[in-house]
1. Identify all residues within the stretch 168-191 that are surrounded by fewer than 18 Cβ atoms within 10 Å (Cβ to Cβ) and hydrophobic (A, V, I, L, M, F, W, C); write none if there are none.
2. Filter the stretch 91-113 for residues that are surrounded by 12 or more Cβ atoms within 10 Å (Cβ to Cβ) and either hydroxyl-bearing (Ser, Thr, Tyr) or under 34 Å from the mean Cα position of the chain (by Cα) (or both) and give the result.
3. Filtering the stretch 183-215 down to residues that are charged (D, E, K, R) and over 10 Å from Thr226 (Cα atoms), which residue is nearest to the chain's Cα centre (by Cα)?
4. With respect to Ser20, is the statement that it is hydroxyl-bearing (Ser, Thr, Tyr) and part of a loop (DSSP other than H, G, I, E, B) true?
5. Which of the strands (runs of 3 or more DSSP E) found entirely inside the stretch 32-150 contain at least 3 residues meeting this: among the hydroxyl-bearing types (Ser, Thr, Tyr)?
6. Mind listing just one residue for me: the one in the stretch 189-203 that is part of a loop (DSSP other than H, G, I, E, B) and touching a residue at least 40 places away in the same chain (Cβ under 8 Å) and, of those, nearest to Ser139 (Cα to Cα)?
7. Might you let me know whether the stretch 167-181 holds any residue that is in a strand (DSSP E or B), aliphatic (A, V, I, L, M) and touching a residue at least 40 places away in the same chain (Cβ under 8 Å)?
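The values are calculated or read from the model by the stated rules, or taken from the named source; none is laboratory data. Worth saying up front: this structure is predicted, and the values here are computed from it rather than measured. Methodologically, a virtual Cβ is constructed for each residue, glycine included, from the backbone with ideal geometry; neighbour enumeration extends over all protein chains shown.
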Amino acid sequence: MGQILSQPSIRKDKEEELGSFSSFGVCSMQGWRTSMEDEHIALPDLLAALTPATNEEKSFYTVFDGHGGDFVAKFSGSNVGRILATTIVEKYSDFLKEKKDLKEFSLTDCLIESFLKTDVELLEDKLSKLDHSGCTATSLLIDSLNKILYCANAGDSRTVLGIDGIVKNLSFDHKPTNIGEKTRIMQAGGFVESSRVNGNLALSRAIGDFEFKRNDKLPAEEQIVTAYPDIIAHDLNLDTDDFVILACDGIWDCLSSQECVNLVYYAIQQFPKDKEFSLAEISSIIIDVCCSPDAGGHGIGCDNMTMMVVALLKKGETLAQWKERVLAKDIKLADEVNFVDYRKKVFNYYQFEDNQEFFVTRKTGKITFDNSGEEEEEEEDVDMDADEGSTNNRFRSGLHKQSGLASNNRSSNEKTIQVPLSEILQLGGDGLTYDQNGMSYIKGDFLKVLGLSGANARFAQEEDDDEDHNGDTKIEEINDDDDNVSKK
């Protein structure tokens, strides 16, 4: 059961950087969810922190989509890059010492080992014993020296490649209903019910989720849920291969792989010449396309959203030169490939006003290709994240283990009401409603009757002036110890 806000949290975290062989732009937004559980890694120079001289031959990018909490996603965002870089350096050193054939050195093995090592380090972390969360991971490792792209994927986030206007999937979603996944789940003692692992988890591979990894007789890759990634390798051709998209399922629930690639090409073609070109802004716009205009769309467009675009550069090429190279291909897109029509297609139940299709996330209601049109959060909403010590920086290095995590994101002006979930369900009525996807909605007035005892469920209620004109109040968090609450 997922809880959503009465109004989306539309503050965006953006980051971009130019590397020697790749350039990236990423944007993340909490959206309608009550907390942000996405993380990412962006390391254009993966091995720089571990080698005496900068080694710019390998770049590493990952998007993590958390569920059941943010602990595992944040841990992964802080550690997977370090684990992978260390694994590559150590294995390569061993090959040299033992005079093995370097042709047998496998980055695929390094990626697999890094995902599994992350689970091991999580189990060694004292905080993980109190946590039951997990996260998907979809990763891109660029070996510029050998001109190979590697995608490692565990879960239902996705990585795709844009090739002269056509998409190539570099990953495939791990769903419990897939025959191979279902077979492993059942052989490990689990079951699939309502398209979920043990009736609970909507994906079949993830980092964390240790409640599904308790069979001591089975190796990690044969557990009910496993962090073991599928690896797809692609021979890089910089004359045809343009960019890679990594995104969580909040994007893929709204757009197909080809549609998302179409929008990136469209954005490149439409980006104003008088503005500084930005891959992060392109990611931001596509998030705008996917953000639901209301909370009534059966959950579509109401998830956390993170999208990263990685430009594949020729040696010494700038991002501006890359853009001109892509434009010179003169890729033809269908007339319906544009931000407005795609948004209307995704949310076809909603009647948008003309030129106000993006009113949820943009002040002007339309796309402006810069930050000026984006809505800003209330000041107190911004302050909620101020204690995180610069969210853009704290969890982005990917090479350093974090020293601790905030237990929640509550601001000092919030009040907490402790109330058993069972008593809420008994009250029922119009104040508590559900849609067919298990989303729960609680009216602000309904909270007034919840001054009860107990601690099975927690609601953090904003101050009165944060309530909107309909009387809805933001729900911060529900911890339910009584019911089998589905993750994801």
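1. Phe172, Ile179, Met186, Phe191
2. Lys91, Tyr92, Phe105, Ser106, Leu107, Thr108, Asp109, Cys110, Leu111, Ile112, Glu113
3. Keep residues of the stretch 183-215 that are charged (D, E, K, R), which gives 184, 193, 196, 205, 209, 211, 213-214.
Those still in the list that are over 10 Å from Thr226 (Cα atoms) too: 193, 196, 211, 214.
On the way: Glu193: 25, Arg196: 20, Glu211: 22, Arg214: 26 Å.
Of everything passing the filter in the stretch 183-215, Arg196 is nearest to the chain's Cα centre (by Cα).
4. Here the answer is yes, as Ser20 does meet what is asked.
5. 58-67, 134-143
6. Among those that are part of a loop (DSSP other than H, G, I, E, B) and touching a residue at least 40 places away in the same chain (Cβ under 8 Å), it is Leu203.
7. Checked against the condition, which is being in a strand (DSSP E or B), aliphatic (A, V, I, L, M) and touching a residue at least 40 places away in the same chain (Cβ under 8 Å), the stretch 167-181 yields at least one hit.
Matching residues to (1) in a helix (DSSP H, G or I); (2) under 17 Å from Asp294 (Cα atoms):
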{"residue": "Asp330", "(1), (2)": "no, no"}
{"residue": "Val337", "(1), (2)": "no, no"}
{"residue": "Asp341", "(1), (2)": "yes, no"}
{"residue": "Lys344", "(1), (2)": "yes, yes"}
{"residue": "Asn348", "(1), (2)": "no, yes"}
{"residue": "Phe352", "(1), (2)": "no, yes"}
{"residue": "Glu357", "(1), (2)": "no, yes"}
{"residue": "Ile367", "(1), (2)": "no, no"}
